[in-house]
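Structure record follows, encoded as structure tokens.
The values are calculated or read from the model by the stated rules, or taken from the named source; none is laboratory data. Fair warning: this is a prediction, and the values are worked out from it, not measured in the lab. As a convention, Cβ positions derive from the backbone with ideal geometry for all residues, glycine included, and neighbour counts pool all protein chains shown. Heads up: the accessible areas ignore ligands, DNA and RNA and are worked out on the full protein's heavy atoms, side chains in. Shrake-Rupley method; radii C 1.70, N 1.55, O 1.52, S 1.80 Å.
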Amino acid sequence: LVHPASGYSIVNSLSKAGEIADHILEGLGKEDGSRATQAWESLWSSESRRKMAFYQFGAEMISKMPLETLREFMRTFYALPAPLWKGFLSHRLSSPMLIPLAVMMFFLGNNDLKKALVSELASPAGIKMYQAATAPLHTAEGQAPAAEAVSRQTPPQEPLKEVFRREQLGMGARMPSGFVDDS
């Protein structure tokens, strides 16, 4: 499995390295304080911020899911048409195409998954996703949104080892084979 919070972003970052390096090289010759502006905008365009907010929303949501809901999420995700899930994991899916992906996840998922999807919309990650999606409507062309849609101050969710550990402890005697309780 590809880790939805980091597995595809490394590949995406490496794919942009050449373009970013070119912008940094151009900026080195500037003396007006705008050295990093082109590189930053190339890396964090409004499209990139919208997509990252969606990815953070999803990562935060799945980190909170009980094990059975997470299994349903994965079954539903890989039941989507291949261009959608492959586009999502490769970071090649445009932000407008994330909408049909989310809608299909909702309609194909069971009630527990639907509840998780809807309840996460009111979370900080859901609010950030909404702000990132609507930022172009609230800002003039070429200006950054007033509120940061993508926060890099804290991780978007608790470490996954803690989430999985909590799930293991919650399962008690029903621990599936391959999981060892080392407490």
Report Rg/Rh for segment 1-136, rounded to two decimals, where Rg is the Cα radius of gyration and Rh the Kirkwood radius. 1.05
Checked segment 55-131 against the a/c 1.5 cut and the a/b vs b/c comparison, axes a ≥ b ≥ c from its Cα gyration tensor; verdict oblate
HN-Hα J in Hz across segment 42-47 - Karplus 6.51, -1.76, 1.60, θ = phi - 60°, x for Gly and Pro: 5, 6, 10, 5, 4, 5
Per-residue HN-Hα couplings for segment 62-79, Karplus 6.51 cos²θ - 1.76 cosθ + 1.60 at θ = phi - 60°, whole Hz, x for Gly and Pro? 5, 5, 9, 6, x, 3, 5, 5, 5, 4, 5, 4, 5, 4, 5, 4, 7, 8
For segment 109-116, Karplus couplings with θ = phi - 60° (6.51, -1.76, 1.60), whole Hz, Gly/Pro x: x, 7, 5, 5, 5, 4, 4, 5
How would you order 56-65, 110-119, 84-93 from highest to lowest mean count of nearby Cβ atoms within 10 Å? 56-65, 84-93, 110-119
Segment 73-134, accessible area per residue, ligands and nucleic acids excluded (1.4 Å, Å²): 55
